[in-house]
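Read the structure below first, then the notes.
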Amino acid sequence: QLQLQESGPGLVKPSETLSLTCTVSGGYISGSPYFWGWVRQPPGKGLEWVGSVSYSGNTYYNPALTSRVTVSVDTSTNQFSLRLGSVTATDTAVYYCARLSPIYGDYFDFWGQGTLVTVSS
Amino acid sequence: QSALTQPASVSGSPGQSITISCTGTASDFGGYNLVSWYQQHPGKAPKLIIYEVTKRPSGVSYRFSGSRSGNTASLTISGLQTEDEAEYYCCSYAGVGIYSLFGGGTKLTVL
C-alpha cells in the first residue's frame with residue numbers, strides 16, 4: 001500500500017523559507033506516470049492546491065503562489081519537496097503531500113497525514 | 001482564481017439522501033469533465049471519494065455518487081450514516097496555468 005509522510009520544521013519565522021519533504025513508501029516515484037504534489041489547509045479553513053511535480057521534474061504551481069514556491073523531486077531517495085519563500089502568517093497551515101492521477105493530475109488519490117507549519121517569530 | 005462555491009453546511013437524518021453542490025464558471029472547469037470530491041473528518045487527511053465526476057475509487061461506498069450539469073457539479077450521499085458526518089470538498093481541473101481548484105468545503109451534519 002502506498003504511503004506518504006511529510007517531514008520538516010513545524011515553526012518558521014516570517015520572511016524565511018518553509019521547507020518540507022515527502023517520503024514515498026510502498027511505491028516508486030521514478031518512472032511512474034503519476035504526479036506528486038502539495039495541498040495546504042489553514043487552521044479552520046479549506047483546502048488549497050500549492051503545486052505539483054512529475055517524476056521527470058516538470059512543475060506546476062498555483063498561480064497565486066508561483067513567485068514563491070518550488071516543488072522538486074529526488075528519485076534517488078523516493079522523495080519530493082516543497083519550498084515556499086518569504087512566508088508570512090497567512091502561510092500557517094497543515095501541509096499535505098499527495099499523489100495525483102496520471103495524464104492531467106486532476107485528482108489526489110493518496111495523501112500523507114499532514115504536518116502543521118506555523119509562521120511566527 | 002476564486003474557489004469553487006459550495007454551501008457552507010448541509011444536514012440530514014440517518015437513512016436520508018443529501019446533495020452538495022459545487023458551482024463555478026466555465027473557465028473553472030476548463031472544458032474538462034474532471035471533478036473530484038473529498039471527504040475529510042476532523043484532524044484527518046482528505047479522502048478521495050469521487051473522481052472524473054462520477055467514478056468511485058475501490059473501497060468507497062456505492063452510497064456516494066457524483067454528477068455534473070453545466071457549471072455545477074454535485075455529490076449525492078444516499079442512506080446517510082452517522083459516519084458520513086464530515087467536511088466535503090469538490091475540486092476541478094481547470095486546465096493549463098490554473099490546474100487544481102478546490103471548493104470552499106461543506107460541513108455535513110447527520111442529525
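Listed values, structure above:
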| item | result |
| --- | --- |
| Leading residue by the ranking (farthest from B:W37 (Cα to Cα)) among those in the range B:79-111 that are crowded, with 16+ Cβ neighbours inside 10 Å and more than 14 Å from chain A (Cβ to nearest Cβ) | B:V110 |
| Residues being part of a loop (DSSP other than H, G, I, E, B) and polar (S, T, N, Q) - total across the range B:21-36 | 2 |
| Test result for B:I20, out of contact with any Asp or Glu (no Cβ under 6 Å at 6 or more places or on another chain) and within 21 Å of A:P102 (Cα to Cα) | no |
| A:R40, sole failed condition from (1) away from chain B (no Cβ under 14 Å); (2) touching a Phe, Trp or Tyr at 6+ places or on another chain (Cβ under 7 Å); (3) part of a strand (DSSP E or B); (4) under 21 Å from B:S36 (Cβ atoms) | (1) |
| Restricting the range A:78-121 to residues that are hydrophobic (A, V, I, L, M, F, W, C) and touching a Cys at 6+ places or on another chain (Cβ under 6 Å), the residue that is farthest from the other protein chains (Cβ to nearest Cβ) | A:F80 |
| Within the range B:23-50, tally of residues that are within 12 Å of chain A (Cβ to nearest Cβ), open to solvent by less than 40 Å² (accessible area, probe 1.4 Å) and either under 14 Å from B:S74 (Cβ atoms) or among the acidic types (D, E) (or both) | 6 |
| Count of residues meeting criterion [within 18 Å of B:T5 (Cβ to Cβ), in a strand (DSSP E or B) and open to solvent by less than 20 Å² (accessible area, probe 1.4 Å)] in the range B:51-73 | 2 |
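The values are calculated or read from the model by the stated rules, or taken from the named source; none is laboratory data. Model, not experiment: these values are computed from the prediction. With ideal geometry, Cβ positions are generated from the backbone for all residues, glycine too; neighbour counts draw on all protein chains shown. Heavy atoms of the whole protein, side chains included, go into the accessibility calculation; ligands, DNA and RNA do not. Shrake-Rupley method; radii C 1.70, N 1.55, O 1.52, S 1.80 Å.
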